[in-house]
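For reference, the structure discussed in these notes is given below.
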Amino acid sequence: MSVAEEKRVLRAADKALSKPSEGPVPTYEGDFVLEGHLLLECGRTLANPTLRYAVYGRLNSARDNVVLVCHALSGSALVGLWWPELFGGGESAGQRVSKVAEKRVLRCAQDDKSAIDGELVEKQILRFAKDDKPEKLDDKPSDEDGRSFDQDEEVSNEGKGPGGIVDLRRDCVICVNLLGSCYGSTGPGSVDPETGAVYGPAFPLISIRDNVRAQALLLDSLGIERIRLVIGGSIGGMQALDWAILFPQRVERAAVIAVAPLSAMGLALNHLQRQAICGDPEWLGGNYLQQRQPRRGLAQARQIAMLSYKSRQLFEERYGRNPNRTGEDPWALDDHGGGLGADGGRFDVAGFLDYQGERFLERFDANAYLAISRTMDTWDPARGFRSAREAFEKIQAEVAFIGISSDWLFPAEDVRKLAEAVRDAGVRAEYSEMVTDHGHDAFLAEQAELIRLLHLADSRNV
């Protein structure tokens, strides 16, 4: 590797290490395996399902300091990586890597010239950061020194910085990967213990309630009876509200962000995404090999989803009618003299969508995408009750609803109406709104504003 190449690698490493979006590393990350069968709402069962979960901080002796964070469609249990400002400041994953990670990245770059690319270096840094966590133990979750995470000791290396709503000196944060995902919990890519074969297209329909009930069994195994706060955005907000309905005596507060039952438009968009995947010849009826998944279909599904996560205003501001920033000319003929645009000629917004589709292939699975999008489609908190009011009357928690002004996947008006229905059922509930052009993704992209609204809701004590 030349000196110039080495400098490029280290500059990319520095960029990754200094990213403010990197949050704390978990005290523990591991698996909970449910003994026996989990009965699902669809009528089928999952045999010995696994839930991957991560813990940040430690349980106190009363086990009543738990903040349960529920992730969105393509998230994982590692909430410190994708929702870092929930924690405020503290030592980040990147800060823990330092010179050791730089040396490892340099070695990788020497072996693989493609690693010189800045984005690939950032991925390696983050992977090394995730490697720098406590070992998984066969017994109880513990910290770096082998102590149980339920001991009453102050956590000194991580905490709450300005703006965060979680203080790891006080709170124990738990995040559980959804069933159906590809990040550790049982999903379509898992082996069915009853058949010895990968589930694939035979993976059953999993509901939000199925997930919440499985999560409750996990918390039971940890001796946790009470949740100080359950919080989630998008499909995570679905879980938060169902927690308050299904286990009212266990939940003190709930924060339901940017979600309501999907409208016809949302259902249509999800349908098109699944059609893109299933229409890819490489999908093979869902029986594809993990190393040969339907890349084109999954990328197209992600591109459609990205449209629903952003807003018209944001797209106009960022991309407008500009040519793709790679230098392509939308008005030029293609390499064969044609004008169909098959070989380029993209506008900037098209380049953005193509880039997002390609990035997604590196971190998600097609069948998992199908499974979780169906979980999202089928959520209705009133289903199975005589009325929505009957469902909401079960809630004992204080509930904060937050909508996003420019969200057209889960329009703010729908979130507000859901909050009103919950409040009309006698629940202490209120509604706040993020005013932003960022669209549905604002709860992740503008975390500081979200935290501000959550603080306001907390100060009003609903």
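The values are calculated or read from the model by the stated rules, or taken from the named source; none is laboratory data. Since the model is a prediction, treat every value here as computed from it, not as a measurement. Please note: Cβ atoms are built from the backbone with ideal geometry, for glycine as well, and neighbour counts cover all protein chains shown.
Take the conditions in the same structural domain as T186 (by TED's automatic domain parsing), in contact with a helix residue (DSSP H, G or I) (Cβ under 9 Å, 6 or more places away or on another chain), part of a helix (DSSP H, G or I) and at pLDDT 95 or above and apply them to R389. Does it pass? Criteria met by R389.
Which members of segment 316-334 meet the condition of being under 24 Å from D437 (Cβ atoms) and out of contact with any Gly (no Cβ under 8 Å at 6 or more places or on another chain)?
Residues of segment 316-334 under 24 Å from D437 (Cβ atoms): 316-325.
Scanning segment 316-334 gives E316, E317, R318, Y319, G320, R321, N322, P323.
Of the residues examined, F352 is one that is among the aromatic types (F, W, Y), crowded, with 19+ Cβ neighbours inside 10 Å and closer than 21 Å to E446 by Cα.
So, in segment 359-402, of the ones that are touching a Gly at 6+ places or on another chain (Cβ under 7 Å) and hydrophobic (A, V, I, L, M, F, W, C), which residue ends up surrounded by the most Cβ atoms within 10 Å (Cβ to Cβ)? Looking at residues that are touching a Gly at 6+ places or on another chain (Cβ under 7 Å) and hydrophobic (A, V, I, L, M, F, W, C), I get A366.
Taken residue by residue, segment 185-194 has at least one member that is surrounded by fewer than 19 Cβ atoms within 10 Å (Cβ to Cβ), more than 22 Å from S76 (Cβ to Cβ) and either in contact with a Leu (Cβ under 9 Å, 6 or more places away or on another chain) or among the β-branched types (V, I, T) (or both).
When segment 280-321 is filtered for residues that are exposed (fewer than 12 other Cβ atoms within 10 Å of the Cβ) and closer than 24 Å to A258 by Cβ, only E317 remains.
Within segment 167-220, how many residues turn out to be more than 19 Å from V251 (Cβ to Cβ) and over 15 Å from the mean Cα position of the chain (by Cα)? Selection size over segment 167-220: 24. Residue count for segment 407-440 under the criterion of being under 20 Å from the mean Cα position of the chain (by Cα) and part of a loop (DSSP other than H, G, I, E, B): the result is 6.
Kindly indicate which of A412, A400, A391 is over 15 Å from G233 (Cβ atoms) and of a type outside the set (V, I, T). Outline the logic, then answer.
Details: A412 fails: over 15 Å from G233 (Cβ atoms); A400 fails: over 15 Å from G233 (Cβ atoms).
Step by step, each of A412, A400, A391 is checked, and only A391 is over 15 Å from G233 (Cβ atoms) and of a type outside the set (V, I, T).
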